Amino acid sequence: MSDPATYEPKTVLEVVQSRRSVRAFLADPVERAMIDEILIASSRAPSGSNIQPWKVHVLRGSSKEQLSRKVLEVVNDPQEQAKHSELHPYYPKDWKSPYLERRRALGWGLYSLLSLTRENKAGMKAQHARNFTFFDAPVGLLFTTDCSMERGSWLDLGMFMQNIMLLAKARGLDTCPQAAFNAYHRVVSEHLGLSADEILVGAMSLGFADLSKIENTLESERAPLESFVRYHD
């Protein structure tokens with residue numbers, strides 16, 4: 001287990017550059033005081049008119065395990081799974097270049113590390129299902145907002161989530177932001193006892209990375225500066 005008390009702080013640039021989406025965690029617990037510290041600091045994220053539209057549900061122990069079991073029961077039942085879908089699609093219905101190529105590069109990069117071929121549909125499904133156990137992380141975070149909020153507030157929530165990921169990394173922890181739970185928002189809502197006004201936006205695994213797992217060697221590429229920046233002088 002990494003010891004947060006002896007973890008050497010990094011510069012902001014080092015934290016940003018070293019953050020990865022980790023897909024295998026140790027079972028070592030994360031102290032509540034550290035979770036609270038990260039969430040309090042993350043709430044300094046900007047939001048339009050300071051409305052702070054985020055809510056966080058922190059799942060640990062039996063509550064996390066129960067949600068995982070409930071979602072996996074649906075995932076593993078084709079007839080039941082067909083009844084579930086996202087309220088707000090995360091991805092486009094029709095993909096175009098360069099986004100499709102980037103998505104494929106990441107997916108097949110992961111599957112190659114795990115020795116999963118295109119023909120191994122069961123293996124790919126099993127890997128995807130690990131989303132619903134939060135990749136064995138001891139902490140699962142579920143992010144919600146009020147259904148009256150518009151797209152701008154979802155941007156605010158994204159900045160809040162980014163703060164969590166960077167502050168966690170700065171303390172020797174790792175994370176994986178997840179959209180997979182969104183298709184099962186009804187299961188999540190029932191488990192958490194959400195009101196009709198509260199909708200699921202995303203999830204995140206939080207814990208200590210299992211560095212012995214090959215999937216955690218995956219490094220996603222980034223497009224060169226000139227592909228996404230234009231200067232107007």
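The values are calculated or read from the model by the stated rules, or taken from the named source; none is laboratory data. A quick note: this is a predicted structure, and the numbers were derived from the prediction, not measured. As a convention, Cβ positions derive from the backbone with ideal geometry for all residues, glycine included, and neighbour counts pool all protein chains shown.
For region 21-63, give me each residue that is part of a helix (DSSP H, G or I) and among the β-branched types (Val, Ile, Thr).
Selection gives Ile35, Ile38, Ile40.
Assuming Thr11 fulfils every condition listed in (1) at pLDDT 95 or above; (2) surrounded by fewer than 18 Cβ atoms within 10 Å (Cβ to Cβ) apart from one, which condition is it?
Just one mismatch for Thr11, condition (1).
If you take the residues in region 28-43 that are closer than 16 Å to Ala137 by Cβ and free of Cβ contacts under 8 Å to residues at least 40 places away in the same chain, which one is surrounded by the most Cβ atoms within 10 Å (Cβ to Cβ)?
Filtering first and then ranking leaves Arg32.
From the list Phe143, Phe134, which one is crowded, with 17+ Cβ neighbours inside 10 Å, aromatic (Phe, Trp, Tyr) and in a strand (DSSP E or B)?
When all the criteria are applied, what remains is Phe143.
Which of the residues that make up region 98-126 are under 17 Å from Leu218 (Cα atoms), of a type outside the set (D, E, K, R) and assigned to a helix (DSSP H, G or I)?
Within region 98-126, Ala105, Leu106, Gly107, Trp108, Gly109, Leu110, Tyr111, Ser112, Leu113, Met124 meet the criteria.
Return yes or no: is Glu101 over 27 Å from Ile40 (Cα atoms), touching a helix residue (DSSP H, G or I) at 6+ places or on another chain (Cβ under 8 Å) and surrounded by fewer than 18 Cβ atoms within 10 Å (Cβ to Cβ)?
Taking the combined requirement at face value, the residue does not satisfy it.
Any residue in region 110-120 that is more than 29 Å from Ala27 (Cβ to Cβ), surrounded by fewer than 19 Cβ atoms within 10 Å (Cβ to Cβ) and at pLDDT below 95?
Yes, because at least one residue in region 110-120 is more than 29 Å from Ala27 (Cβ to Cβ), surrounded by fewer than 19 Cβ atoms within 10 Å (Cβ to Cβ) and at pLDDT below 95.
Which numbered condition in (1) farther than 21 Å from Gln127 by Cα; (2) acidic (Asp, Glu); (3) surrounded by 11 or more Cβ atoms within 10 Å (Cβ to Cβ) is the only one that Asp94 fails?
It is condition (3) that Asp94 fails.
Take Val201 and decide whether it is buried (at least 18 other Cβ atoms within 10 Å of the Cβ) and either within 25 Å of Val71 (Cβ to Cβ) or modelled with pLDDT of 95 or more (or both).
Yes: the conditions hold for Val201.
Test Ala179 against the criterion of being more than 15 Å from the chain's Cα centre (by Cα) and within 24 Å of Gln17 (Cα to Cα), and give yes or no.
Considered against the rule, which asks whether it is more than 15 Å from the chain's Cα centre (by Cα) and within 24 Å of Gln17 (Cα to Cα), Ala179 comes out as no.
Restricting to region 39-72, name every residue that is out of contact with any strand residue (DSSP E or B) (no Cβ under 7 Å at 6 or more places or on another chain) and within 18 Å of Ile164 (Cβ to Cβ).
Passing the criteria: Ile40, Ala41, Ser42, Ser43, Arg44, Ala45, Pro46, Ser47, Gln52.
What is the residue count in region 44-80 for residues that are out of contact with any His (no Cβ under 8 Å at 6 or more places or on another chain), exposed (fewer than 14 other Cβ atoms within 10 Å of the Cβ) and closer than 21 Å to Glu198 by Cβ?
The qualifying residues number 4.
Yes/no per residue for (1) closer than 26 Å to Ser47 by Cα; (2) without any contact (Cβ under 8 Å) to a residue 40 or more places away in the chain; (3) touching a helix residue (DSSP H, G or I) at 6+ places or on another chain (Cβ under 7 Å); (4) not in a loop (DSSP other than H, G, I, E, B):
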{"residue": "Lys83", "(1), (2), (3), (4)": "no, yes, no, no"}
{"residue": "Lys96", "(1), (2), (3), (4)": "no, yes, no, no"}
{"residue": "Met165", "(1), (2), (3), (4)": "yes, no, no, yes"}
{"residue": "Ser195", "(1), (2), (3), (4)": "yes, yes, no, no"}
